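The values are calculated or read from the model by the stated rules, or taken from the named source; none is laboratory data. This structure is a prediction, so every number in the text was calculated from the model and none was measured. Positions of Cβ are backbone-derived with ideal geometry, glycine not excepted, and every protein chain shown enters the neighbour counts. SASA here: full protein model, heavy atoms, side chains in, ligands and nucleic acids out. Shrake-Rupley method; radii C 1.70, N 1.55, O 1.52, S 1.80 Å.
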Amino acid sequence: MSAIELLDSYEKEVLEQNYEKNGFNHSFLLRKKEDVVDLAKKFKDEGYFLETITAVDKKDKIRLIYIFNKMPKVHRTAIYLDVNYEDDVPSVTNVFKSADWFESEVYDFFGVKFSGHPNLKRLLTPEGMEGYPLLKSWKAEED
């Protein structure tokens, strides 16, 4: 089943499909955060693996980026999900164990909380650090 067929039943927006420009065979903006776990299961069932989860601060929201890939022929699919700063997002760690690190890293740098994550904590920034360094609103602490 193709990525397009996997996403047939979800509210989404098809984004630019230019592999030479963005490195993705398909890009979709998922409309409902509640759909992310079910969609991850469908990708896994079709032989895709979770390449990464990352984020971008868009100034009015956080854009999560889930990248799924399939081998032996590269078939990278990006699923974007826009969430408010204070929103919790369902964790996909029960589907892909690698999401444990990816979600913790997104939490560490952007403050996105993933509900159902087994051990969400800072990984790379100091314990007790105030704020999240990749948010555009973050101000570095002065010594």
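Computed from Cα atoms, the angle from the helix 99-110 axis to the main principal axis of the chain rounds to 50 degrees. Scanning residues 5 or more positions from Ser2 or on other chains, none has an amide H under 5 Å from its amide H, with H placed 1.01 Å from N in the peptide plane. Nearest 5 is fine: what % of DSSP beta bridges in the chain come out antiparallel, could you say? If we restrict to bridges inside the chain, about 70 percent are antiparallel. Let me make sure I get this right: for the stretch 32-92, a, b and c are the square roots of the gyration tensor eigenvalues over alpha carbons, sorted descending. Under 1.5 in a/c it's rounded, otherwise prolate if a/b > b/c, else oblate. Which is it? It is oblate, given that a/c is not under 1.5 and a/b is not larger than b/c. Summed over qualifying helices (DSSP H, 4 residues or more, each -39500 (n - 2.57)) and divided by its residue number, the chain shows a 222 nm mean residue ellipticity of -5500 deg cm²/dmol. Using a cutoff of 8 angstrom between alpha carbon atoms and counting only pairs six or more residues apart, the relative contact order for the stretch 3-86 works out to 28 percent. Exposure check, 1.4 Å probe, all protein chains in place: Glu86 carries approximately 140 Å² of accessible surface. Computed extension gain for Lys73 through Glu130, at 0.36 nm per residue and net of the alpha carbon distance, reaches 16.2 nm.
Where is the GNM fluctuation largest for the chain (alpha-carbon springs, 10 angstrom cutoff): Leu124, Leu81, Leu50? Most flexible of the set in this elastic network: Leu124. The phi-based Karplus calculation (6.51 cos²θ - 1.76 cosθ + 1.60; θ = phi - 60°) puts the 3J(HN,Hα) values of the stretch 75-85 at 9, 7, 10, 9, 10, 9, 9, 8, 9, 6, 4 Hz, whole numbers, x for Gly and Pro.
Quick check for you: with a 1.4 Å probe and neighbouring chains kept, what is the accessible area per residue of the stretch 3-86, in Å²?
On the way: 4470 Å² over 84 residues.
Accessible area per residue: 53 Å².
Looking at the stretch 53-116, the trypsin sites (Lys or Arg not before Pro) that sit in a DSSP loop and have at most 14 other Cβ atoms within 10 Å of their own Cβ are Lys58, Lys59, Lys61, Lys73, Lys97. Taking Kirkwood radius over Cα pairs in Å as the quantity of interest, determine which of (1) 17.7; (2) 15.8; (3) 19.1 was computed from the displayed structure. Only one listed value fits the structure, namely (2).
To test your reading of the geometry: what angle, between 0 and 90 degrees and rounded to tens, separates the Cα axis of helix 36-45 from the longest principal axis of the chain? Here the helix axis deviates by roughly 50 degrees. Per-residue accessible area (protein heavy atoms, 1.4 Å probe) orders Trp138, Trp101 as Trp101, Trp138, starting from the largest.
So, with a 1.4 angstrom probe, what is the percent of accessible area on the chain that is carbon and sulfur? Reported share for carbon and sulfur atoms: 50 percent.
Among Tyr132, Tyr85, Tyr48, what's the order by accessible area (1.4 angstrom probe), most exposed first?
Tyr85, Tyr132, Tyr48
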